[in-house]
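Here is the structure we will look at, set down as structure tokens.
A short reminder: the numbers here are calculations on the coordinates, not readings from a lab. Note that this is a predicted model, so its numbers are computed, not measured. Virtual Cβ from ideal backbone geometry, glycine too; neighbours counted across all protein chains shown.
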Amino acid sequence: MKPAVAPWRALLGSVLLLGAPSAWAVDPDIAIHAQMRRASIQPLCQAVLTQSQHLSPAQTYQKALCWLYGIEGVQRRDQALELLRSVAPAMVEAQLALGDSLQEGDAAAQQEALRWYALAGAGGDVRASARRGRLQLRLEAAQLAANVAAAAAAQTTRAGLAADPLFDTMEGAESQLPGYHCHFYGLNRKVCHAALDQ
């Protein structure tokens, strides 16, 4: 007799087998919650998508999720995000769904995700607070890596220029008189002076 598999393990296995977006691979909590959100909304999509007028906030949220996940039709991500934004100010679950969707985007989307996570966290959702903290750490790590790479590139450039015998860093030139410059002559020799008409 096979031992029973815990439901969360089966769900995690299906998420990993289906493949998750790269940002979600960093945060499996989001991938699992998205799968649970999708599974819970799927039976409602056919009915909610046929309605076009007089949708309650809950129905608008449901319609947005149907579009976001491409249930009962083509995925309509941009329209789904706009619907979520329309109900999010008064609905913590919509704030969380927005944060989860935007955190995988570009820098501007990730900054917006931080705002929605903060709002949901202020509304009492501990998941949002934890996700905001993890996203903030990822953004800070990415910024640090970019700063280190830029510093290394600048150091390489300076080292390459310093190896050139005709390169003049003109250190302190900003404190000199206007027109301060150097002339090169002979074997790695130079003479520097201010403009002659000063």
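Computed values, structure above
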item: Amide H contacts of C192 (H built 1.01 Å from N, under 5 Å, at least 5 apart or other chain); result: H183
item: Gyration tensor (Cα) of the stretch 7-142, equivalent ellipsoid semi-axes in angstrom; result: 23, 19, 13
item: Cβ-derived FRET efficiency at R0 30 Å, C192 paired with A151, nearest 0.05; result: 0.55
item: Label-point separation, V74 to L144 (7 Å along Cα→Cβ), nm; result: 4.3
item: Fully extended contour minus Cα-Cα distance, from A39 to Q136, at 0.36 nm per residue; result: 32.1 nm
